[in-house]
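The values are calculated or read from the model by the stated rules, or taken from the named source; none is laboratory data. Worth saying up front: this structure is predicted, and the values here are computed from it rather than measured. Please note: Cβ atoms are built from the backbone with ideal geometry, for glycine as well, and neighbour counts cover all protein chains shown.
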């Protein structure tokens, strides 16, 4: 095991990962609200249209559009907030030092320089 310090975070990569994860989260959690609300709107309707008949489809379409744009908005806002947080971390870490973490190398990767006290890789291992 060895201690390493995280001195900088790649802003764009971290923001991309955060945006993806937030979009997946919004997709999953949004369904908890969209499906029951859509069923209620279909059952109740929103009143008569110009011809005097009930047409609940318009409100369901609006709800689905809100869901889609909500997921996209959640991802975009997550990207920007993560990017700002990474820039702030990089500035702070440059001035006062980064976060120190303890890591363990389970299997050395090809071409790795062996650390003191680590056994060599088995013969034929690539």
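Could you identify the single residue in 85, 75, 93 that is in contact with a strand residue (DSSP E or B) (Cβ under 8 Å, 6 or more places away or on another chain), at pLDDT 75 or above and surrounded by 15 or more Cβ atoms within 10 Å (Cβ to Cβ)? Full working, then the answer.
On the way: 85 fails: in contact with a strand residue (DSSP E or B) (Cβ under 8 Å, 6 or more places away or on another chain); 75 fails: in contact with a strand residue (DSSP E or B) (Cβ under 8 Å, 6 or more places away or on another chain).
Criteria check complete, one pass: 93.
Looking at residue 65, is it surrounded by fewer than 12 Cβ atoms within 10 Å (Cβ to Cβ), farther than 27 Å from residue 1 by Cβ, more than 27 Å from the chain's Cα centre (by Cα) and at pLDDT 70 or above?
Details: surrounded by fewer than 12 Cβ atoms within 10 Å (Cβ to Cβ): yes; farther than 27 Å from residue 1 by Cβ: yes; more than 27 Å from the chain's Cα centre (by Cα): no; at pLDDT 70 or above: yes.
No: the conditions fail for residue 65.
Restricting attention to segment 1-29, and to residues there that are in a helix (DSSP H, G or I) and surrounded by fewer than 12 Cβ atoms within 10 Å (Cβ to Cβ), which single residue is modelled with the lowest pLDDT?
Selected residue: 28.
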